[in-house]
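Asks: The structure under discussion is supplied below as structure tokens; questions concerning it will follow.
The values are calculated or read from the model by the stated rules, or taken from the named source; none is laboratory data. Since the structure is predicted, the reported quantities are computational estimates derived from the model, not experimental observations. Reconstructed Cβ throughout: ideal geometry from the backbone, glycine too, with neighbour counts over all protein chains shown.
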Amino acid sequence: MTLEIEQPVPAVVHRTAAEVRADRIAAERRTQAALHVAVVTLAWLVSVPFLLGWGVLGAQREDGVIMLAALLAVVLPFTAATLATRSGLYFTGGCYVVLTLAMLVASVSVVRS
């Protein structure tokens, strides 16, 4: 004799259309945020070394260009961290915060020398 309680519960869960749509919107938002972070990262990787090279290897040392490179070295990773964190990419945002702090130390040492 079996009780009704002992019958297995079906493991299939049906999702509503609103839940499916919300997942698609969230995935699209994360993808868009990842693309924005990638663009900021590429701008940072190209602009900072170019400006540092121009400021140091030019005819004379240009302090304004080096200050601009130091500013971009801090601001661009912070921008990427903000974009990632606001879009729910918390691990990526945390990595960019650590990178911002490392670039802050590097920027201070470049400007002081």
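Asks: Report whether or not residue 22 is of a type outside the set (Phe, Trp, Tyr), more than 10 Å from the chain's Cα centre (by Cα) and either in a helix (DSSP H, G or I) or loosely packed, with under 11 Cβ neighbours inside 10 Å (or both). First the steps, then the outcome.
Replies: Numbers: of a type outside the set (Phe, Trp, Tyr): yes; more than 10 Å from the chain's Cα centre (by Cα): yes; either in a helix (DSSP H, G or I) or loosely packed, with under 11 Cβ neighbours inside 10 Å (or both): yes.
Yes, satisfied.
Asks: Pull up the stretch 93-107, narrow it to residues that are touching a residue at least 24 places away in the same chain (Cβ under 8 Å) and surrounded by fewer than 19 Cβ atoms within 10 Å (Cβ to Cβ), then point me to the one that is farthest from the chain's Cα centre (by Cα).
Replies: Our first condition is that a residue be touching a residue at least 24 places away in the same chain (Cβ under 8 Å); within the stretch 93-107, this holds for 96, 100, 103-104, 106-107.
Those still in the list that are surrounded by fewer than 19 Cβ atoms within 10 Å (Cβ to Cβ) too: 104, 106.
Working: 104: 17, 106: 19 Å.
So, considering only residues that are touching a residue at least 24 places away in the same chain (Cβ under 8 Å) and surrounded by fewer than 19 Cβ atoms within 10 Å (Cβ to Cβ), the one farthest from the chain's Cα centre (by Cα) is 106.
Asks: Quick one: how many residues across the stretch 59-78 are buried (at least 19 other Cβ atoms within 10 Å of the Cβ) and not hydrophobic (A, V, I, L, M, F, W, C)?
Replies: Residues that pass the stated criteria total 1.
Asks: Is it true that residue 6 is modelled with pLDDT under 85, surrounded by 12 or more Cβ atoms within 10 Å (Cβ to Cβ) and of a type in the set (Asp, Glu)?
Replies: Numbers: modelled with pLDDT under 85: yes; surrounded by 12 or more Cβ atoms within 10 Å (Cβ to Cβ): no; of a type in the set (Asp, Glu): yes.
No.
Asks: Let me ask something else about it. Out of all the residues in the stretch 72-94, which are part of a helix (DSSP H, G or I) and within 25 Å of residue 23 (Cα to Cα)? Even if it seems obvious, please write down each step before you answer.
Replies: Taking the stretch 72-94 first, the residues part of a helix (DSSP H, G or I) are 72-86, 90-94.
Listed by number, the residues that qualify are 80, 81, 82, 83, 84, 85, 86, 90, 91, 92, 93, 94.
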